[in-house]
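Working notes, beginning with the structure itself.
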Amino acid sequence: MSKKLILHDLSPEDAENLLPKESEIYSLYPAKPPVRHCVGCFGCWLKTPGRCVINDRGSDFSALMLQHDEIIVISRFVFGGLSPDIKAVFDRSIGFILPFFRILNGEMHHVKRYQKSPDLCYILYGIDINDTEKETARKLIAANALNFGSENSQISFHTSPREIREVLA
């Protein structure tokens, strides 16, 4: 049975109406209340390998990633990328990878810390997302998947959170 972690920035009402309930299959991680932003101290690499040293609920997101087979990211689409609250959670999980680099497909990417990496599924929503913005998001998601060592990633675009129910079914 595949375990899925849903990281989302939905309102409490939308989350209640659209997301599956917590179960053996699904774990929910709302991006609000926001976690503190990464301060670039490298403590997750040097002091507490794999775990952020900032003491709030964001410090354990890397461990949650390791416990799940798939991360489903539901985010408002902002300037070709993720919402600030979702990005803060991912920034705080940089300890999931190592501080060393490797060249993949002619690009520099981090080395995996763990053998297992979850698949990534991004569900982005927003009004008037144009083709150029979609291409920017696809490149960002592909780079994130390479950095996290994810073998499978996918992305879909929607005009509102209400459309995501079909994707999750």
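Overview of results
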read-out: V89 vs. criteria part of a loop (DSSP other than H, G, I, E, B), modelled with pLDDT of 95 or more and of a type in the set (A, V, I, L, M); value: no
read-out: Residues satisfying the stated conditions in region 139-152, i.e. part of a helix (DSSP H, G or I) and either modelled with pLDDT of 95 or more or in contact with a Ser or Thr (Cβ under 8 Å, 6 or more places away or on another chain) (or both); value: I141, A142, N144, A145, F148
read-out: Condition check for I155: modelled with pLDDT of 95 or more, under 16 Å from the mean Cα position of the chain (by Cα) and closer than 17 Å to S27 by Cβ; value: no
read-out: Region 48-78 - residue that is in a loop (DSSP other than H, G, I, E, B) and in contact with a Leu (Cβ under 6 Å, 6 or more places away or on another chain) and, of those, surrounded by the most Cβ atoms within 10 Å (Cβ to Cβ); value: F77
read-out: Cβ-Cβ under 6 Å pairs, at least 6 apart or on other chains, region 97-112 side over 11 Å from L146 (Cα atoms), far side of a type in the set (F, W, Y); value: P99/W45
read-out: Among (1) on the phi > 0 side of the Ramachandran plot; (2) in contact with a Pro (Cβ under 6 Å, 6 or more places away or on another chain), the one test that G40 misses; value: (2)
read-out: Selection from region 153-168 of residues that are surrounded by 15 or more Cβ atoms within 10 Å (Cβ to Cβ) and assigned to a helix (DSSP H, G or I); value: P161, I164, L168
read-out: Count - residues of region 97-116 that are surrounded by fewer than 12 Cβ atoms within 10 Å (Cβ to Cβ) and among the basic types (K, R); value: 1
read-out: Selected residue (only one of F61, F79, F157, F101 is within 29 Å of P12 (Cα to Cα), of a type in the set (F, W, Y) and in contact with a strand residue (DSSP E or B) (Cβ under 6 Å, 6 or more places away or on another chain)); value: F157
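The values are calculated or read from the model by the stated rules, or taken from the named source; none is laboratory data. Everything numeric here is computed off the predicted structure, so don't read it as measured data. FYI the Cβ positions are ideal-geometry reconstructions off the backbone, even for glycines, and counts take in every protein chain you see.
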